[in-house]
Every structure is written in structure tokens, then in C-alpha cells.
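Have a look at the structure below before the remarks.
The values are calculated or read from the model by the stated rules, or taken from the named source; none is laboratory data. Just so we're clear, the structure is a prediction, and the values are computed from it rather than from any experiment. Cβ placement follows ideal geometry from the backbone for every residue including glycine, while neighbour counts extend to all protein chains displayed. Accessible surface areas use protein heavy atoms only, side chains included; no ligands, DNA or RNA. Shrake-Rupley method; radii C 1.70, N 1.55, O 1.52, S 1.80 Å.
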Amino acid sequence: MKTEDETKETRASEIETDVFQPRVAVFHCRWCLPDEENVRSFLPAEVAKRASFMKLNCTGRMEAEFAVKALGAGYDGVLVLGCQIGECHYRTGNEQAWKRLALLSNILALAGVYPERLGVHWADPFDEGTTKRIVNSYIDGLLAIGPFK
Amino acid sequence: MTEEVRDNREEQAREIAGRLLTEGNVDGVLALLHVMDHVVPHLFTSREELAHLNISGHYPVAGVAERLLRRWDNNGRIAVIARGCDERHLIELAKKKSVNLDRIKIVGLACTVDEAKDCHCVRPFPTEVEVGRSVGKVDYLDHFALGELIRMDIAERRKFWTQIFDRCIKCYGCRNVCPLCNCEDCRLEEARWVRVGEIPPEYPSFHLIRAVHLADKCVGCFACERACPMGIPLGKLHQLIRDYLQSVYGYEAGRDPDERSPIQIDVGIGPDVLQGLRRGGED
Ligand code: SF4
Ligand code: SF4
């Protein structure tokens, strides 16, 4: 038997964990967004705490398998941040990534994964406000569809 | 009726194979051999053997052709009795520089209506038909859950696939049978990518890693689906992915060896170069 106090305590912790905070795997390009702390600041504080950050040499390195693996490993979303089209350090890495990720998003939808779990944004390093706004609306999307597993 | 056509195709195939063997411009003819109620891929090198050549069996032979030629350091020349999908496999392997099409004489075999239906095939014939007669494509969206799947919403699809994928016993049959699923180091065996020694595999990594890796290579032969002992409709999933590439880029894998995949970065090196590098590294 639980004492009343214990029951209260369980309830309190339950209520806290009831608030869903998505776990996000963030892949960011080292040329436009080299600083992890900076990337972290685009996310709501609670989400940033639980997120993982992977710096890529270019989003062209981003394989669809990275995202699939992240979902399989328990992340609720995968966010890819890279340079704006035309600004790629390797000329077309982000365009290549874009095609691959568009294909992936289609495959996810076919396989029963909300494609909204995959976020892609080509960031302007001189316009952090926009990046932050878009990243936050991506997180809102994750909150709306709920946990993956 | 079907039986008749089949026999007819077998005779045609034997005749062509015999001619190729005597004319001496190939070292052998790769086709299926009938043994003890089974068929196995076999390199026919004499006319006598041809009595056991089989046409109705269904097994992808392109991977066998690839390994055979590689064993001969790509020096030999073989003929392959190839269905539409076998030819498309060979073309995809040629894009990866895994086979040299100059070393292969393709003897095109058209599938029968029933065979095409079995595979929900959208192209049941090779570019040049020498054996049999081409039949039309199958409207696969009429089949099973494919059409249904498209009408489902995401949550319903999730339920559909998790139930189905949970049957997987990780026998790797789907990977092993596919001539295009042939990386030397397979991610589906590595702990870094999937949980090792556990069934069913975690959703969605195991099946989607394979799906994304083959997305632009799959030629829609349905061999993976036929090989799966648990009835997982992998071929249908791949067909829908192929549809996406077709509708967005007009791209179809296996159509033309000079056509590049729209989502592939061409690094310009093939396995031959890589093998050279590896050998160099070992010395
Ligand atoms: S249908 Fe399956 S076996 Fe055939 S090419 Fe595609 S993935 Fe490979
Ligand atoms: S053939 Fe079927 S059961 Fe075997 S690993 Fe592939 S999907 Fe799983």
C-alpha cells in the first residue's frame, strides 16, 4: 500500500512526464552553423536539453539512413540545418541532400511515419530570427503529432 | 494454353542456347537448371546439358553473372537467359561498374501473363525479346493492400506496417536474393545501425534502411517479396517508392546503363578502383 504522500508524489511526477517534450536529432552543417551552442539556442530550452547534435561537414553527407536510424533509436524527430541553396561550400551538397531527404520523406509517409518528423531548413547565418522561428514551428509540429514510439 | 507457351519458350531457349554454345562466342549460357523438382542457376557449357534447361522457374540470375565474371577477372563472355527484371538488374549492376555489359550477351525472355501477374510487374519483358512474346504490364494498384495503403492515413499505415514488420524473423532472405542489395559491409548486420540478435527488428530502422538504400536501384522484380518466408510485402513497398521517382524525376532504374539516378552523387569510382585501393592498403 502506498501512503497518501507517496501517491501524491507519483502523481506529481506523472504529471510532469505527461508533458511531451520531443527528442530531436539535429544535424547541422559546419559551414553555416559551426557553433553547436548557437544551434542549440534555436530550440526551445526544454527540447534543447534532450536533443542530440551532430555536426556534418556538409548536409550532402546527410544520408537518409541517419534519419531512419535516429527514429529507430527513439528520437521523435530529425532536423537538418544547412546552407541556403547556392551557398553550399561544396557547391551542391545541400541540393543533393534535399533530393535524398524529399525521397525519404515520401518513404516515411508510405511506411506510416509522419513526414513532419523530418525537418529541413536552409539557414541564413545572418538571419537567426527566421531560423529560430522556422525551427520552433517544426517543434510545434512534433508536439502536435506526439511521440514516435 | 499456358503450358503450351511455356514448352514452346523452353524449346526456343534451348535452341538459342545451343546455337550460342556451338558458335563459340560465349564461354557458357547462364540459365536455370532443373534438378530434383528445383531450379538452380547454372552455367551451361555443353549442348547435352540443355535438356535440363528450365524457363518457368523464377530466380534472379544477375548476381550470379556478376560473381562469375568477377571470378574470371572479367575476361570471359557469357550469355544470360534474362527476363525483363534480370536485364534491369544487369543494367543497374553495370551502373555500379560491377559488371561489364560487353561481356554479357542478353537473351531476352518474355514473361507469361501469369508470371507477370505473380510479380505485379509493370514491365514483364526485356528490351529485346528472343524467347516468348511480350505481354502487357500489370496494373498493380488493383492488387492487395497497395491501393488501400495509398488511401490510408499515416496512423493507419503505421498500424499496417508495424503489424507486418513485426513478423520479420531477420532471415536476411530479402537482402540475399536481391542482386542489387550487395554491399560488402551490410548495415543490417551492424550493431551501429540495428539491434543485433533481436527479433522482430526495431521499427522502422531495419526495413527502411534497406528501403532507402535500394530506393533508386530497385527494378521491381519482387524477388524479395517472394523470398520472404513471413509474407512481408517488400516488393509492393518498393514499387510505390519506384512510383515516386518515376513521377517526380521520370526516372526508372534499370532502363538504361547511361541514365544516372537523380538522387545519386557520382563519385566516379567503381569497385575495381576500391579493390585496388584496399589491396594497396594491405601490402
Ligand atoms: S523488388 Fe526487391 S529483390 Fe527486386 S530489385 Fe527491388 S529490392 Fe531487389
Ligand atoms: S525476408 Fe522477410 S523475414 Fe526475412 S529478413 Fe527479409 S523481411 Fe524479414
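Quick notes on this structure:
- Shape analysis of the stretch B:143-278 places it in the oblate category; the axes a ≥ b ≥ c from the Cα gyration tensor give an a/c of at least 1.5, with a/b not above b/c.
- Too-long pairs where the Cα-Cα distance tops 24 Å, listed order kept, from A:K69/B:K170; A:K132/B:K159; B:K97/B:K137; B:K97/B:K236; A:K99/B:K105; B:K95/B:K170: A:K132/B:K159; B:K97/B:K137; B:K97/B:K236; A:K99/B:K105; B:K95/B:K170
- Per residue accessible area in Å² of the stretch B:143-278, where ligands, DNA and RNA are left out and the probe is 1.4 Å: 47 Å²
- The shape of the stretch B:3-118 comes out oblate: with a ≥ b ≥ c from the C-alpha gyration tensor, a/c is at least 1.5 while a/b does not beat b/c.
- Summarising the amide proton neighbourhood of B:V135: residues at separation of 5 or more, or on other chains, whose placed amide H is nearer than 5 Å comprise B:C111.
- Per-atom-type breakdown for the stretch A:24-145 gives carbon and sulfur 51% of the accessible area (1.4 Å probe, protein chains only).
- For A:L118, residues with placed amide H under 5 Å, excluding near neighbours: A:V78
- Restricting the chymotrypsin sites (Phe, Trp or Tyr not before Pro) of the stretch A:46-106 to loop positions (DSSP other than H, G, I, E, B) with no more than 16 neighbouring Cβ atoms within 10 Å leaves A:Y90.
- The accessible surface of chain B, taken with every protein chain in place and a 1.4 Å probe, is 49 percent carbon and sulfur.
- Rolling a 1.4 Å probe across all protein chains gives B:D86 an accessible area of roughly 10 Å².
- In sequence order, calculated HN-Hα J values of the stretch B:77-86 (Karplus, 6.51, -1.76, 1.60; Hz; x Gly/Pro): 9, 10, 9, 10, 7, 10, 6, x, 5, 4
- The protein assembly as shown: equivalent-ellipsoid semi-axes (sqrt of 5 x gyration tensor eigenvalues, Cα, Å): 47, 25, 19
- Helix B:154-165 axis versus longest C-alpha principal axis of chain B: approximately 60°, rounded to the nearest ten.
- The HN-Hα couplings worked out from phi for the stretch B:27-42 by the Karplus form 6.51 cos²θ - 1.76 cosθ + 1.60 (θ = phi - 60°) are 7, x, 10, 8, 7, 9, 10, 8, 9, 6, 6, 10, 10, 9, x, 8 Hz, whole numbers, x standing for Gly and Pro.
- Cysteines not pairable in the protein assembly as shown (beta carbon separation under 4.7 Å absent): A:C29, A:C58, A:C88, B:C111, B:C168, B:C171, B:C183, B:C186, B:C218, B:C228
- If the chain linking B:N75 and B:C183 were pulled fully straight, counting 0.36 nm for each residue of separation and taking away their Cα-Cα distance, it would gain 36.6 nm.
- When shorter helices are ignored and each DSSP H run of at least 4 residues is given -39500 (n - 2.57), the per-residue value for chain B at 222 nm works out to -12500 deg cm²/dmol.
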